[in-house]
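To start, the structure itself, in structure tokens.
The values are calculated or read from the model by the stated rules, or taken from the named source; none is laboratory data. It should be emphasised that the depicted structure is a prediction, and the values quoted were computed from it without experimental measurement. Note: ideal-geometry Cβ built from the backbone for every residue, glycine included; neighbour counts use all protein chains shown.
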Amino acid sequence: MEALDVCDDVIENRTFDEIAVGDTASVSRRLERQDIELFAVVSGDVNPAHLDPAYAETDLFHRVIAHGMWGAGLISNVLGTKLPGPGTIYLGQDLRFHRPVGIGDTITATVTVTEKLPGKCILKLDCVCTNQDGKEVITGVAEVKAPTEKVIRPRVELPDVRLSRHEHFRTLLVRAVQAGPLPIAVAHPCTEASLGAVVEAAQAGLITPILVGPEAKIRAAAAQGGLDIGGFRIVPTEHSHASAARAVALVRSGEAALLMKGSLHTDELMHEVISAESGLRTDRRVSHVYLMDVPTYPKPLLVTDAAVNIAPTLIEKRDIIQNAIDLAHALGIETPRVAILSAVETVTPKIASTLDAAALCKMADRGQITGGILDGPLAFDNAVSQAAAREKGIVSPVAGQADILMVPDLEAGNMLAKQLSFLGCADAAGIVLGASVPIVLTSRADGVRTRLASCAVAVLLAKDLKTKEHPA
């Protein structure tokens, strides 16, 4: 009986004539959570028995099958790469699953040749998978057609596959639903996309919509999208300007606790929001925050300001940071770490944003910004990567673990947010702060999860503001 020992750099088969009864080969691998998730993606099997840990003990049968199929894949690995190897044609397999395979188990798949049928170059092999305790989890028999030509070639590396997860937004939605729906004035939801976002959030239990706009256009958009708005209140207006003014008025009167942009332009809505006489202004500068769920970052990431303030002054930046810190508190981040971004980590008169960063940090030391830990200037890599910060010799409680990224201006923030979204597979929930109520901004390019998350953020912030105004 001969055990195979093939160099890791090359892949080599055994032809039918080279194989003898009793030859054996093995491969071992540890089962990780991503393996199960990849199995679900490839197979389309989203049975919670193997995706949700809560089902681990309640549905043992499905765990045996689902995780066992992963173990069966190891047998295919041995047959296709070692014995016989490249050129093997799988003819059939009979397997029995004896016990479950859990995340963290190390499984060794072993095949042993038991019979050769020379006429058609067919092999029969015993297959056994054992766990790290030596217990059998799978046994069976495989039948393959062995190659007749020798193959020796460099081993091809497996692709680097990463699954995009958005756990942060899912957690956020659960908290917001538990907080209960809030009335929201939606300004001019006259397209299928803008109205669809409202319906989705209402169905999720986040909001109670008040639709403000031309009634005929709203109903036409609902009919076009097959959207049920029968239970929603409609406040008729003639055009988008009137819609913005009326929606803001509903908030001022207390009929709505939130404000949401429909299909009108952002500037049109914000003009009414910041009106000195009839708007929703406070003593704080109005600013925008993207709450980003980046699959490769371990926690939610707030980016500000990427949509409202084009080139903020030092004092305006102070308000922008304070707005973001207050939002972080509402989201449950007790002491958010604020990275004030620039192109470099050192203060230089040649780059104005580095001077602002240094001043903002000193303002925080003097109590002009409260509730967070500030550091800057920091380049983007040093703000989110501890390895990059160490490489530069930066010692900071913020570097590599930022919760909030304060950008120098709108151009930088907009580009950063969109790069994270389109290249980093991030979801970005957008909200405007600094007014008397949170303002939800959604885009036609937003997915369902992003639109729901934007409403969820607004609900949590509104609840937090109300609690601060009327403490128990």
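General remarks:
Results for (1) part of a loop (DSSP other than H, G, I, E, B); (2) closer than 22 Å to ALA307 by Cβ; (3) at pLDDT 95 or above, shown as yes or no for each residue.
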site: PRO377; (1), (2), (3): no, no, yes
site: PRO408; (1), (2), (3): yes, yes, yes
site: SER454; (1), (2), (3): no, yes, no
site: ALA458; (1), (2), (3): no, yes, no
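- Failed condition for ASN414, given (1) closer than 14 Å to VAL303 by Cβ; (2) not in a helix (DSSP H, G or I): (2)
- Residue count for the range 427-452, restricted to those that are among the β-branched types (Val, Ile, Thr) and either under 13 Å from ALA197 (Cβ atoms) or at pLDDT below 85 (or both): 4.
- Residue check: ALA402 meets all listed conditions (1) of a type in the set (Gly, Ala, Ser); (2) over 19 Å from the mean Cα position of the chain (by Cα); (3) at pLDDT 95 or above but one, namely (2).
- ALA357 fulfils the conditions (1) surrounded by 22 or more Cβ atoms within 10 Å (Cβ to Cβ); (2) closer than 30 Å to ARG170 by Cα except for a single criterion, (2).
- Subset of the range 417-439 [without any contact (Cβ under 8 Å) to a residue 24 or more places away in the chain and not in a helix (DSSP H, G or I)]: LEU423
- Tally, over the range 200-226, of residues that are within 29 Å of the chain's Cα centre (by Cα) and surrounded by fewer than 19 Cβ atoms within 10 Å (Cβ to Cβ): 7
- Residue in the range 91-100 that is assigned to a loop (DSSP other than H, G, I, E, B) and either free of Cβ contacts under 8 Å to residues at least 12 places away in the same chain or of a type in the set (Val, Ile, Thr) (or both) present: no
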